[in-house]
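The values are calculated or read from the model by the stated rules, or taken from the named source; none is laboratory data. It should be emphasised that the depicted structure is a prediction, and the values quoted were computed from it without experimental measurement. In this analysis, Cβ positions are derived from the backbone assuming ideal geometry, glycine residues included, and neighbour counts consider all displayed protein chains. Only protein heavy atoms, including side chains, enter the accessible area calculation; ligands, DNA and RNA are left aside. Shrake-Rupley method; radii C 1.70, N 1.55, O 1.52, S 1.80 Å.
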Amino acid sequence: MSRPPLEVADLIRTAGTAFLERNRHWLSWKHIKVLLAIARCRTAALGGHVDQCTRCGHRTAISYNSCRNRHCPKCQTAARERWIAARQRELLPTPYVHVVFTLPHQLAPLALQNKKVIYDLLFRASAETLLEVARDPRHLGAEIGFFSVLHTWSQKLALHPHVHCVIPAGGLSFDHTHWVKSRDRFFLSIHVLRRVFRGKFFAGLKQAFRDGHLRFSGDLILLAQPKIFAAWLRPLFRKDWVVYSKPPFGGPEYVLQYLGRYTHRVAISNHLLISLADGKVTFRWRDSAHHNEQKLLTLSLDEFLRRFLLHLLPKGFVRIRNFGFLANRRRATLMPLAFQSLSAEQQPHTEQVASTANESRSLWRCPKCGGPMLVIERLTAVEIQLRSPPVLVTAAA
């Protein structure tokens with residue numbers, strides 16, 4: 001994909017230190033660290049490297065290093081490809097289902113002040129809901145396995161926490177002897193999923209409040225009082241929560257392409273940015289309420305960066321998680337049984353897996369012959385500056 005004419009890094013560099021000065025009342029060091037990383041990504045400031053093809057010997061010019069920050073739009077492509085390559089040997093030969101669990105927008109301010117607690121609870125409540133309903137003989141009567149990905153943004157960059165769950169359309173029988181297939185056009189009851197998810201999230205939220213794990217400040221300070229907190233929650237429990245499910249789709253090959261849309265997204269892609277003019281940013285967004293029509297939204301540069309920074313995750317927070325028979329502690333035992341029960345070949349031999357892993361490490365391909373490129377020299381920012389041609393200074397007349 002060609003480089004977009006405008007990038008988030010360009011916006012950050014344009015905003016400069018003036019943005020930091022204007023917003024120092026709410027900016028933290030974590031915000032500033034991410035802004036600096038994105039602004040310096042793939043510039044001489046981070047140093048660089050020289051690659052050489054292992055097949056034909058073609059050598060590239062100096063390439064600038066990536067910042068590798070998980071909030072950087074430019075750094076997610078390689079991370080996504082590596083993750084997908086590692087998932088290839090885990091995809092079962094069966095259709096898959098995509099289920100999305102969304103928190104009501106009224107909970108967004110609470111989530112902003114308690115990201116780790118709320119996002120952890122969102123993962124746990126949605127996963128427990130799927131596992132519990134799937135085990136019920138009235139629905140599927142099987143053990144399922146799936147992974148979940150957290151997204152925190154809406155199309156307009158507002159805070160909108162939700163998880164995308166990608167699930168094989170069926171599961172292992174309780175005795176692990178055969179595969180229980182779901183119905184062709186139906187996986188699990190949406191009405192049941194909504195009700196169970198809402199109950200589990202509320203129970204977890206109330207427990208977090210009782211344990212003193214929630215903090216309140218600013219406009220939410222009064223919620224620290226138990227009676228006010230309970231009264232604030234009550235209307236939310238009475239409304240239907242949004243759980244969305246697509247009918248089973250595709251097979252393993254299609255799923256690999258499908259996964260790329262969700263696994264390593266950040267709040268906005270550089271390719272959605274249209275223009276920066278007169279201190280205002282214009283970008284494309286998709287209006288799901290009107291048949292996914294593409295529309296344009298213009299925000300001030302400060303407001304755009306404020307919305308972008310809403311979606312920074314807590315340090316060390318894991319935003320892609322595996323559950324059921326895909327959980328780390330169960331995968332090695334149950335995945336071969338799932339393949340066997342679907343009359344598929346067993347997982348690749350160790351040598352094949354190692355080969356796949358090695359290939360996934362080298363995603364940069366030679367422009368001449370398509371062979372894998374390897375780094376043969378690393379350069380610091382100072383070394384790059386020394387290698388650069390001298391700047392010609394014209395003497396004053």
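Some notes on this structure:
- Residue match in the range 60-68 (condition: hydrophobic (A, V, I, L, M, F, W, C), open to solvent by 20 Å² or more (accessible area, probe 1.4 Å), assigned to a loop (DSSP other than H, G, I, E, B) and without any contact (Cβ under 8 Å) to a residue 12 or more places away in the chain): yes
- The single condition from (1) open to solvent by 70 Å² or more (accessible area, probe 1.4 Å); (2) farther than 17 Å from Ile376 by Cα; (3) not in a helix (DSSP H, G or I) that Lys30 fails is (3).
- Matching residues, the range 33-59, being open to solvent by 90 Å² or more (accessible area, probe 1.4 Å) and within 28 Å of the chain's Cα centre (by Cα): Lys33, Arg40, Arg42
- Taking the range 127-217 and the strands (runs of 3 or more DSSP E) fully enclosed by it, the elements with 3 or more residues that are more than 21 Å from Val243 (Cβ to Cβ) are at 179-181.
- Among residues of the range 23-47 that are over 24 Å from Ile384 (Cβ atoms), those with a Cβ under 8 angstrom from a residue that is modelled with pLDDT of 95 or more and open to solvent by 50 Å² or more (accessible area, probe 1.4 Å), sequence gap 6+ or separate chain, pair up as Asn23/Arg306.
- The range 1-27, residues that are among the polar types (S, T, N, Q) and outside any helix (DSSP H, G or I): Ser2, Asn23
- Checklist (1) in contact (Cβ under 8 Å) with a residue 12 or more places away in the chain; (2) surrounded by 13 or more Cβ atoms within 10 Å (Cβ to Cβ); (3) over 23 Å from Ile320 (Cα atoms) applied to Trp232, failing item: (1)
- Of the listed requirements (1) under 30 Å from Ala267 (Cβ atoms); (2) surrounded by fewer than 21 Cβ atoms within 10 Å (Cβ to Cβ); (3) not small (Gly, Ala, Ser), Pro161 misses just one: (2).
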